[in-house]
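Down below is the structure, laid out as C-alpha cells.
The values are calculated or read from the model by the stated rules, or taken from the named source; none is laboratory data. If you're wondering where the values come from, they're calculated on a predicted model, not measured in any experiment. Glycine also receives a Cβ, built like all others from the backbone with ideal geometry; neighbour counts cover every protein chain displayed.
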Amino acid sequence: MQSLAIKQSNQITLMLDQVLGTNRFDRGPVDIANLALEYSAHTAPESPIREVLERDIPGCMGALVYGESKPRQWTIVSHKDQSEGRRAYTLGHEFGHYVLHRKLIDEDDRFDGGIYCDESSVLRREGEDIEHEADEFAANLLMPFHDFCRQISSKTVPSFDDLGTIADRYGVSLTAATLRWLEWHCQVV
Ligand SMILES: [Zn+2]
C-alpha cells in the first residue's frame, strides 16, 4: 500500500506534469521554494507557507516554523552554507512536513514553534516516522520514478558520471541521487 507521503507527492507530481509537461525536467529541476509558496496558497489559503528563508540555524539542516497568530502562518527555513543540491532536498523535506504533518506540529507539545531537522533526519532517512515520511516525500517529489526510469538503468550499476548527470537533472546532491537509485534498484530487482 502506498504511504501518505507517496500519495501526496504523487498528486503534486501529477499536477506539475499537467501544468509544465511531463518533459519538465528537461528544462530544470523542481523549484521547491516557489512550489511550496504557490501550492500552500492554493490548498490552504488560511494557513499557507508565507516565506522560504535561509538562516543560520546551527546543528540543523532545515526547519518548518510558525508564528504566534492563528490560523498558523508557516515559514520554511534552510540552514545557510548548504550546496544548492542539499538545499533543494532540505526544502523538499520541510515542504513534506508542511503537507503531511503541520497539524501535528501545531498541536503536539513536543514541537515548540515548529520542527527543527538535523542532518541525519533530512538525508539519511533515520529518526522518527515523520522524518522518514518527509524524506520519502522529498525524494519522490524531486526525483519521480516515471522520469528517473528513463534516465538510468536499474540493472547496471551506474558510474559516478551517470549519478552526477542524474544529480544535475534533479538539482540534488550526489548522495540523494545515489540513494534514489538504490531505492529504485531494490524495487525493480
Ligand atoms: Zn524533518
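Restricting to region 77-112, and then to whatever is basic (Lys, Arg) and either crowded, with 20+ Cβ neighbours inside 10 Å or within 14 Å of the ligand (Cβ to nearest atom) (or both), can you tell me which residue is farthest from LEU163 (Cα to Cα)?
Step by step, filter region 77-112, then rank; the result is ARG110.
Which of the residues spanning region 102-122 are among the small types (Gly, Ala, Ser), at pLDDT 90 or above and not in a loop (DSSP other than H, G, I, E, B)?
The one that is among the small types (Gly, Ala, Ser), at pLDDT 90 or above and not in a loop (DSSP other than H, G, I, E, B): GLY114.
Looking only at region 135-175, which residues are under 13 Å from the mean Cα position of the chain (by Cα), within 20 Å of ARG24 (Cα to Cα) and in a helix (DSSP H, G or I)?
PHE137, ALA138, ALA139, ASN140, LEU141, LEU142, TYR170
Considering only region 34-76, state which residues are within 16 Å of the ligand (Cβ to nearest atom), in a strand (DSSP E or B), of a type outside the set (Gly, Ala, Ser) and within 17 Å of the chain's Cα centre (by Cα).
ILE49, VAL52, LEU64, VAL65, TRP74, THR75, ILE76
Within the group ARG55, ARG125, ARG72, ARG50, which residue is surrounded by fewer than 22 Cβ atoms within 10 Å (Cβ to Cβ), touching an Asp or Glu at 6+ places or on another chain (Cβ under 7 Å) and at pLDDT 95 or above?
Residue meeting the stated conditions: ARG72.
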